[in-house]
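Contents: one structure, followed by commentary.
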Amino acid sequence: PYALNELIHVLIKNPNAAVIYSDEDLMSEDGERLTPHFKPDWNADLLLSHNYITHLCCYKKEILNQLGGMRSAFDGAQDYDLILRASEIVDPKDIIHIPKILYHWRMVEGSTALSADAKSYTVDAGKQALAAHLARTKTGATVSLADKPNFYRVNWPIAKSVKVSVIIPTRDGLEVLKPCLDSLMKTKGQQSIEVIIVDNGSTDKATLKFLNELSKKTEFTIVRHDIPFNYSSLNNKGITYAKGELLLFLNNDVEAIEQGWLEEMVSLALRPDTGCVGAKLLYLDGSIQHAGVVLGLGGYAAHAHRGLHAEAPGYFNRAQMRQNFSAVTAACLMVRRDIFDRVGGFDEAFEVAYNDVDFCLRVKAAGFKNCYTPFATLLHHESKTRGDDDSPDKKARFDKEKALLATRWQPLIDHDPAYNPNLTRAKEDFSLC
């Protein structure tokens, strides 16, 4: 009765609701409730990674009639097939999430709630359902299995002929800039790129000599921009020299460590409904520095799963799955040039902090989905050249930028649709409140 009451409450407030889903947990045979799954609001890329919707799920009857109900050909993943087909015809705003546990999935012998191996055929059925969805939507993408049962990786078409303009602000710091550039050139594969280095007042002789040598190479452009450090302004300046269809904002202290990361980001950024694409960034000790940005953490915004081991699953494997976040870090962020121009670039009122969050939220407000991918992994020597924000002036500037973010985006800070109100806002580990 409680669950049905919640559904009716949603329908009264949202008469156009087409699909409603809730949070859930597991229940042992002796009634113990375990492993609560507090889900995000509608998250299209997460759904392409696994069926996070599952239970409880309510459909508008005319939608079910239009879809022809569940299909026996996808036995074991018929609910996944159904929600994928529904996503093709339902407006995302009419898919409503109730952030309450309205369903207890019984862990009885033979149930996938107890072990995915209990019904191993469900993995293949889910893969077939996802492949059928991609075929119907004419994406040209294929599906492969991820490293956990019932999780998948969609392989999007790669367009090597598209030019990527890489924007790298720097000031001295040759010890990080050179490895950054060397790793970029070694791992770019056959992707067409140009590199625009925005020099913010370097004085070190070795750095100046290095930049001068780079300026003689056709794929490099060196731009001098001698202003008090303003990350937004430096990137906006670099963009005025960019010729690529895609823009990659890259910190000078980021190192690429694997092949294929650039193609991964390109393949996602070229999707028509995608806005910003963010990579998984690691500290030098192999722990996660960035796996998406969650609004409201620490009162404003912070990185998801920070400090977790690079290969650890995180909350319901979310550290290792593509998904939509409200924002991603600009330490390694790709976006189409037309989207960048449409939202007006970085807001230079955010000199150092939260410029990427504000930019991503303006991209989101323009109707695009921001995406985090763990399949582009790089190292980040965080703030290596700029230093920490520990002086009185820097703290005052940081407080000003926090206040500006809150003034502009407080409703999203209060409720991040990619997170869940039952999860903590005090830590970055998706633990319970």
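Quick one: count up the residues across segment 6-51 that are in a strand (DSSP E or B), of a type in the set (A, V, I, L, M) and over 17 Å from R85 (Cβ atoms). Write out each step before concluding.
Our first condition is that a residue be in a strand (DSSP E or B); within segment 6-51, this holds for 19-27, 33-37.
Of the ones still in play, those that are also of a type in the set (A, V, I, L, M) are 19-20, 26-27, 34.
Those left that are additionally over 17 Å from R85 (Cβ atoms): 26-27, 34.
So the count comes out to 3.
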Out of curiosity, is D226 acidic (D, E), under 30 Å from F398 (Cβ atoms), in contact (Cβ under 8 Å) with a residue 12 or more places away in the chain and open to solvent by less than 70 Å² (accessible area, probe 1.4 Å)?
-> no
Has segment 139-160 got any residue that is open to solvent by 40 Å² or more (accessible area, probe 1.4 Å) and under 25 Å from I239 (Cα atoms)?
-> yes
State yes or no: is A3 under 30 Å from S431 (Cα atoms), assigned to a helix (DSSP H, G or I) and of a type in the set (A, V, I, L, M)?
-> yes
When segment 72-95 is examined, which residues are found to be over 17 Å from A125 (Cβ atoms), hydrophobic (A, V, I, L, M, F, W, C) and loosely packed, with under 14 Cβ neighbours inside 10 Å?
-> I89
May I ask you to verify whether E6 is surrounded by fewer than 19 Cβ atoms within 10 Å (Cβ to Cβ), under 22 Å from K369 (Cβ atoms) and either of a type outside the set (F, W, Y) or under 31 Å from the mean Cα position of the chain (by Cα) (or both)?
-> no
Among residues of segment 10-52, those that are under 28 Å from A304 (Cα atoms), touching a strand residue (DSSP E or B) at 6+ places or on another chain (Cβ under 7 Å) and not β-branched (V, I, T), counted | 22
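From the set of residues in segment 169-184 that are free of Cβ contacts under 8 Å to residues at least 60 places away in the same chain and closer than 23 Å to H225 by Cβ, which is surrounded by the most Cβ atoms within 10 Å (Cβ to Cβ)?
Within segment 169-184, the match that is surrounded by the most Cβ atoms within 10 Å (Cβ to Cβ) is L181.
The values are calculated or read from the model by the stated rules, or taken from the named source; none is laboratory data. Since the structure is predicted, the reported quantities are computational estimates derived from the model, not experimental observations. When we count neighbours, we look across all protein chains shown, and the Cβ atoms used for this are built from the backbone with ideal geometry, even at glycine. Ligands, DNA and RNA are stripped out before the accessible areas are found, and what is left, the full protein with its side chains, is counted by its heavy atoms. Shrake-Rupley method; radii C 1.70, N 1.55, O 1.52, S 1.80 Å.
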